[in-house]
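Written out below as C-alpha cells is the structure these notes cover.
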Amino acid sequence: MLPNQRHLFDIPDDVAYLNCGYMSPLMRSALEAGRVGLARKTHPWDLTAPEFFTGAEEFRTVAAQIFGTTADCVAIVSSAGYGVETAARNLPVRKGQTVLVLAEQFPSNYYAWQRLAEKNGAALKIVPWPADNDWTAAVLQTLTPEVAIAALPHVHWTSGGQLNLVRIGAACRQIGAALALDLTQSLGVLPFRVSEVQPDFAVAASYKWLLGPYTVGMLYVAPKWQNGVPLEEGWIQRGNAQDFSSLILYCDDYDAGARRFDMGERSNFALLPAAVRAMQQILEWGIDEISATSGAMNRPLAEAAAELGFSAPREPLRAPHYLCLRRDVAIPPELTHVLAREKVFVSVRGTSMRVTPHVYNTAQDCDRLIACLRQIKWE
Ligand SMILES: Cc1ncc(COP(=O)(O)O)c(C=O)c1O
C-alpha cells in the first residue's frame, strides 16, 4: 500500500473527492507540464519540426509500459470512442455472426458495434447481468462459435464487476473471435498486460485512472492489424511526414506500426506532456500498489454501507478500486447533489452509487461519505 499522496494534488482539505471513475484530478506536476507545453504556442518560431514527433514518441513509450507492450503497438487517440471505432472499422464480422457486449456497457463501446453488426447482417449478443455478479462466467458461457468479436471492458462500469481477461482472451482465441477492449475504467489502477490477454485492440481514455488530461487516449493495436485502415488520412501518419518540405510528394506508405491509427494533430504540445507526467507517476507508484491502496479504502466503505442496506459484488468478482453500491429501491439521482453540498463527491450510474477512491483520498474522506449516508432518510 502507498502512503497518502494528496500533497501532489490540489485538493482542499474539506473536499472528499471519491469520484475518480468520473474524472481524476490533475496532479500539480502534470498541470505544470501542460502549462509549459501550452505556452510553447506563444513562440511558434521555437517549435521545430522534429518536436512534432519526439513528444508523441515519449507518450507512446510510457503508454506502452502501462499496457505491457512496445511503443510500436500504441496509437494516440482522442477518446475511447475513437479507439473503439478504429477497431470496428478493421475487425471483420459476417452475416449470421455476433458481436458480444455486456448489458449496460458504456455507450462508447456499444454504438460502433451496433452499427457494424447492422451493416453486415450480424447481431449484437448482449451478456445479461449475472445474478451472482460473475461477469467472467457469464461471458465464457456466451462465447459460442458464432461470436466474431467480443467487445468488452476489464471492469463493468455500473457494477464494478471485474472480468478475468486472461481466461476470456484464451477462450476467444479458441473459437477464433477477436477481442476488443475498453480499459478506460481500469488501466492504471488494475494490473493488465497485453502479453497475457492478447487482445486485438485495447483502448483507454486518459482522464480517469491514468490521471491525465481530457481528450487524450491510447490505443493498443495487435501487430496482425497494423496494416489496417485508420479513421483519418492526414499527413502525419504517413511515411514521409518528417520532411515538411516534401509533403506534397504524396506517399503511399504509412509510418511504422500502430502510428497510422493516430488521431489528426496528435502532437498536442500541451496535453501529451501532462499525460506523460501522470503516467510516469503511476509507474513510479506501481499499479499493484495503487490497486491495493484504493481497494483498502473501499473495503471498510462497503462494510459500513452494508449496514445501511447497500450491497455490492464481493471481491474478486468486484474490482478493488470500483465500488458500486446498490439498494433494493432505486438510488435517487439527486443524491449526488445532496452529497455535493457537503463537498462529498461520488456518482450515480445506472442503479448504483459509484465510489471510486484513489491515492489522494484519506480515511477521513471515506468517513465523511458514510456520515452523510447515515443522515439520509432512505425509503
Ligand atoms: C467504461 C468507459 N469507457 C469510456 C468512457 C469515456 O468514453 P470517451 O472517451 O469515448 O468519451 C467512460 C466514461 O465514463 C467509461 O466509463
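So here's what we get for this one:
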read-out	value
Residue match in the range 25-34 (condition: within 23 Å of the chain's Cα centre (by Cα), more than 29 Å from Ala340 (Cα to Cα) and within 16 Å of the ligand (Cβ to nearest atom))	no
Tally, over the range 107-118, of residues that are surrounded by fewer than 24 Cβ atoms within 10 Å (Cβ to Cβ), in contact with a helix residue (DSSP H, G or I) (Cβ under 9 Å, 6 or more places away or on another chain) and part of a helix (DSSP H, G or I)	6
Index of the failed condition, Gly295 passing every other in (1) surrounded by fewer than 15 Cβ atoms within 10 Å (Cβ to Cβ); (2) of a type outside the set (Phe, Trp, Tyr); (3) part of a helix (DSSP H, G or I)	(1)
Any hit, the range 74-93, residues being within 15 Å of the ligand (Cβ to nearest atom), crowded, with 20+ Cβ neighbours inside 10 Å, without any contact (Cβ under 8 Å) to a residue 60 or more places away in the chain and more than 18 Å from Glu232 (Cα to Cα)	no
Top-ranked residue in the range 314-333 [being closer than 23 Å to Ala137 by Cβ and out of contact with any helix residue (DSSP H, G or I) (no Cβ under 9 Å at 6 or more places or on another chain); ranked as surrounded by the fewest Cβ atoms within 10 Å (Cβ to Cβ)]	Pro316
Candidate set: the range 1-55, residues that are more than 22 Å from Asn268 (Cβ to Cβ) and not in a loop (DSSP other than H, G, I, E, B); chosen: the one most open to solvent (accessible area, probe 1.4 Å)	His7
Residues (touching a Ser or Thr at 6+ places or on another chain (Cβ under 9 Å) and open to solvent by 40 Å² or more (accessible area, probe 1.4 Å)) located in the range 134-151	Thr144, Glu146
Subset tally (residues that are closer than 27 Å to Ala278 by Cβ and not in a helix (DSSP H, G or I)) for the range 333-351	7
The range 254-289, residues that are of a type in the set (D, E, K, R) and touching a strand residue (DSSP E or B) at 6+ places or on another chain (Cβ under 7 Å)	Asp255, Arg259, Arg260, Asp262, Arg266
Single match in Ile236, Ile248 (criterion: touching a Gly at 6+ places or on another chain (Cβ under 8 Å), outside any helix (DSSP H, G or I) and β-branched (Val, Ile, Thr))	Ile236
Meets criteria (within 16 Å of the ligand (Cβ to nearest atom) and either touching a residue at least 24 places away in the same chain (Cβ under 8 Å) or surrounded by 15 or more Cβ atoms within 10 Å (Cβ to Cβ) (or both)) for Glu104	yes
Of residues in the range 56-72 being in contact with a Gly (Cβ under 8 Å, 6 or more places away or on another chain) and of a type in the set (A, V, I, L, M, F, W, C), the one most open to solvent (accessible area, probe 1.4 Å)	Ala71
Pairs where the first residue, in the range 162-188, is over 12 Å from Leu140 (Cα atoms) and the second is more than 16 Å from the ligand (Cβ to nearest atom) and among the charged types (D, E, K, R), C-beta under 7 Å, 6+ apart	Ala178/Asp200; Leu179/Asp200; Ala180/Asp200
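Conditions tested, residue by residue: (1) open to solvent by less than 10 Å² (accessible area, probe 1.4 Å); (2) under 30 Å from Arg40 (Cβ atoms).
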| site | (1), (2) |
| --- | --- |
| Arg266 | yes, yes |
| Ala270 | no, yes |
| Ile287 | no, no |
| Leu335 | yes, no |
| Arg341 | no, no |
| Val344 | yes, no |
| Arg354 | yes, no |
| Arg368 | no, no |
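The values are calculated or read from the model by the stated rules, or taken from the named source; none is laboratory data. Since the model is a prediction, treat every value here as computed from it, not as a measurement. FYI the Cβ positions are ideal-geometry reconstructions off the backbone, even for glycines, and counts take in every protein chain you see. Areas reflect the complete protein model, heavy atoms only, side chains present, ligands, DNA and RNA absent. Shrake-Rupley method; radii C 1.70, N 1.55, O 1.52, S 1.80 Å.
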